[in-house]
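Trainee: Starting off with a structure, shown below.
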Amino acid sequence: MKCLEGRRLTGPNHLLRGTGAAVEVTYAAGSSHSEQSKTWKARVLNTLSGLKWPMQSAIRKHNSLHSPHGGATLAFSAAIDRLNTAVDIAEWAVDMQGRGTGSQAMRAFRDAAAAEANPALVALSDFAWELDLPLLWDEQVVSLGFGSSCLCWPVGDLPDPRELDAMRFATIPVALVTGTNGKTTTSRLLTHIARCAGHHVGNTSTDGWSIDERTVEDGDWTGPGAARKVLRDPRVEMAVLETARGGMLRRGLATNLASVAVVTNVSTDHLGEWGIDTVAQMALAKLTVRRGLRPGGKLVLNAGCPVLVQVAENEQVFSPLLNHAWFSRDPESRTFQQAFRYGEETATVRDGVLTWQRGAHREYVLPVTEVPLTFGGAALHNVDNVLAALVAARGLGLGWQAIREGLRTFGGNPTDNPGRANVLRGNGAQFLLDFAHNADGVSQIVHLAKALPAKRRMIILGQAGDRSDATIGELAEVAHGLCADRYVLKETEHYLRGRPLGEITQLMRQRLLALGVPDAQISVQNSEEAAVAEALQWAQPGDLAVVLIHDNFAGALHQMQAAGAVAA
């Protein structure tokens with residue numbers, strides 16, 4: 001057994017309900033997971049017993065894509081002020097070298113725990129837990145309360161909770177949104193609906209974190225650190241937090257007091273990382289958001305995603321302490337019909353109209369054709385995103401007037417939802433810009449592109465180097481479904497991730513050639529900028545170019561606008 005990495009779990013996560021330590025391990029040839037995990041657990045238990053710490057462990061075996069003999073994620077719970085010591089113990093229990101004898105290791109752990117101890121942090125955490133108060137913490141700052149009620153203190157200078165007035169620390173409505181695809185669009189739409197209701201809204205996404213739809217800081221802000229920034233901001237009255245699997249797997253959630261948690265869908269992407277090697281495992285990891293819900297909170301799931309439904313049922317994620325809601329484009333699906341019969345909250349499309357129902361009450365919200373984001377219903381993935389946002393909006397307490405206004409006014413131009421199904425016109429041609437980067441996402445964009453009239457079609461395609469050869473080839477096969485007149489394969493050095501320049505495009509080229517695409521219809525560009533330049537030069541009146549942007553959307557948009565392209 002070899003240790004790959006240890007890490008702190010700083011909030012509710014896919015392994016534990018609270019804080020703890022985790023370690024990723026791989027096995028050698030002939031190793032037994034059962035024997036190795038028992039040995040690790042026995043070592044940890046013996047050590048924690050000597051330290052007089054309680055023991056709660058979680059072990060998940062996986063057939064690692066990066067290890068021929070498999071591996072596991074091993075974890076145990078630990079107090080909020082003992083996490084660095086806990087990681088040391090978890091790693092040592094894998095390989096006991098380097099700390100001397102068992103008694104020497106025990107003394108070292110006892111000394112480390114004493115040095116790390118912060119009784120004031122534990123007292124404040126217990127105070128918040130007992131009274132259901134919102135507590136946020138990191139290595140520098142501890143805070144109580146969300147939004148305008150938030151007070152922050154340095155982690156080394158915390159108040160005595162007996163001197164605090166618990167009544168001044170309040171929660172605000174919070175939504176957690178995750179999924180393989182659609183989480184950014186759903187988050188942005190939900191934020192816009194809340195703004196239509198007059199609320200000051202904080203939002204995190206893969207593009208940055210914002211207040212009232214104005215970006216405060218660019219970057220990928222989808223982890224617990226981003227959530228803390230928004231929830232501590234005194235301007236924020238409501239928060240919509242895009243919650244990516246990376247942050248949940250590495251650290252956990254920032255809060256367990258959210259009002260709504262949404263899982264948009266689950267498909268093949270980012271497998272082979274953090275012990276997640278199958279789509280079912282990814283579904284379970286995404287369902288971690290349920291642990292961020294307060295009692296009475298709403299868990300919103302896609303009834304049209306079979307693997308998500310199956311994992312949710314098998315893992316018994318449904319709790320009587322939570323409300324459950326479902327959305328699906330197909331009101332006849334088995335899961336949707338079951339929820340409908342049980343009187344659970346649902347949202348679907350009936351005769352072209354977005355329809356919400358709970359029990360006997362049915363609300364006809366809006367015709368799909370009145371929602372710009374759906375392209376008249378042709379953008380099926382955005383119909384799903386709209387349904388998800390609709391249900392989540394109700395969970396945040398938003399009214400029908402704001403929901404209808406938000407749906408009618410969002411998605412008409414790139415500034416509403418940058419990088420997601422944006423259409424520009426230039427030189428009589430159309431350009432469909434999108435961030436789609438996995439097979440399911442590209443498939444949805446291909447479906448939309450085929451519904452748009454065009455004399456000729458082009459697609460720009462790229463992929464990150466940390467995907468498998470098969471996954472890269474699959475992306476080219478999905479793009480082939482467009483029956484394009486030209487395929488532009490791009491490399492971006494930022495996403496090579498260990499592969500040599502040219503390898504990714506060669507894999508895609510080989511798959512396209514094998515599918516019968518003539519070599520003359522395929523070109524390769526070594527940068528995203530060069531690929532966009534080719535699209536601008538190629539496009540003639542009546543043509544459609546599908547431009548999949550991964551590296552720099554703002555740069556690509558500026559490049560196209562400089563060439564005369566404008567929002568359609």
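Trainee: Taking other Cβ within 10 Å of each residue's Cβ, how do L164, L74, L507 sort, fewest first?
Mentor: L164, L507, L74
Trainee: Now for a different question. Consider just the alpha-carbon atoms of segment 282-410 and return their Rg together with their Dmax, both in angstrom.
Mentor: Rg, Dmax (Cα atoms, Å): 14.3, 39.
Trainee: Here's another thing I want to ask about it. Would you please put 363-369, 470-476 in order of how densely packed they are, using the mean number of other Cβ atoms within 10 angstrom per residue and starting with the highest?
Mentor: So the peptides 363-369, 470-476, ranked by packing, come out 470-476, 363-369.
Trainee: Return one number: the angle in degrees, 0 to 90 and rounded to the nearest 10, between the long axis of the Cα atoms of helix 528-538 and the longest principal axis of the Cα atoms of the chain.
Mentor: For helix 528-538, the angle is close to 10 degrees.
Trainee: How many lysine pairs are close in the chain, with Cα atoms under 24 Å apart and the two 8 or more places apart or on different chains?
Mentor: 17
Trainee: Highest first, please rank the peptides 536-546, 253-263 by the mean number of other Cβ atoms sitting within 10 Å of their residues.
Mentor: Highest-to-lowest ranking by the protection proxy: 253-263, 536-546.
Trainee: Hey, rough spin-label estimate for T206 and L151, points 7 angstrom out along Cα→Cβ, what's it come to in nanometres?
Mentor: 4.0 nm
Trainee: What does the net charge come to around P159 if you take all other residues with beta carbon closer than 14 Å to its beta carbon, with K and R at +1 and D and E at -1?
Mentor: -3
Trainee: In addition: Could you tell me how many degrees, from 0 to 90 and to the nearest 10, lie between the Cα long axis of helix 503-514 and the main elongation axis, the longest principal axis, of the Cα atoms of the chain?
Mentor: With rounding to tens, the tilt is 50 degrees.
Trainee: Hey, how much of the P(r) for the chain falls beyond 32 Å, as a percent of Cα pairs? Don't jump to the answer; show the numbers that get you there.
Mentor: Working: 80277 of 161028 pairs.
Of all Cα-Cα pairs in the chain, 50 percent lie more than 32 Å apart.
Trainee: Ranked highest first by the average count of other Cβ atoms within 10 Å around their residues, in what order do 168-177, 94-103, 184-193 fall?
Mentor: Answer by packing, highest mean first, reads 184-193, 168-177, 94-103.
Trainee: Which distance in nm do the two modelled labels at N84 and R362 give, with both placed 7 Å along the Cα-to-Cβ direction?
Mentor: 6.1 nm
Trainee: Still on this model: Give the separation of the Cα centroids, segment 552-568 to segment 163-201, in Å.
Mentor: If you average the Cα positions of each part, the centres end up 31 Å apart.
Trainee: Can you sort V122, V423, V201 by how many other beta carbons sit within 10 Å, fewest first?
Mentor: V122, V423, V201
Trainee: Against the longest principal axis of the chain, how steep is helix 119-131, in degrees 0 to 90 to the nearest 10, with axes from Cα atoms?
Mentor: Between helix and principal axis, roughly 60 degrees.
Trainee: Separate question: Counting other beta carbons within 10 Å of each Cβ, put Y495, Y342, Y487 in order, fewest first.
Mentor: On the way: Y495 19, Y342 11, Y487 22.
Listed from fewest to most nearby Cβ atoms, that is Y342, Y495, Y487.
Trainee: Tell me, what is a quarter of the convex hull surface for the C-alpha atoms of segment 59-130, in nm² with one decimal?
Mentor: Over every viewing direction, the Cα hull of segment 59-130 projects on average to 6.8 nm².
Rule-based calculations on the coordinates, nothing more; no lab input. If you're wondering where the values come from, they're calculated on a predicted model, not measured in any experiment. We place every Cβ from the backbone using ideal geometry, glycine too, and count neighbours over all the protein chains shown.
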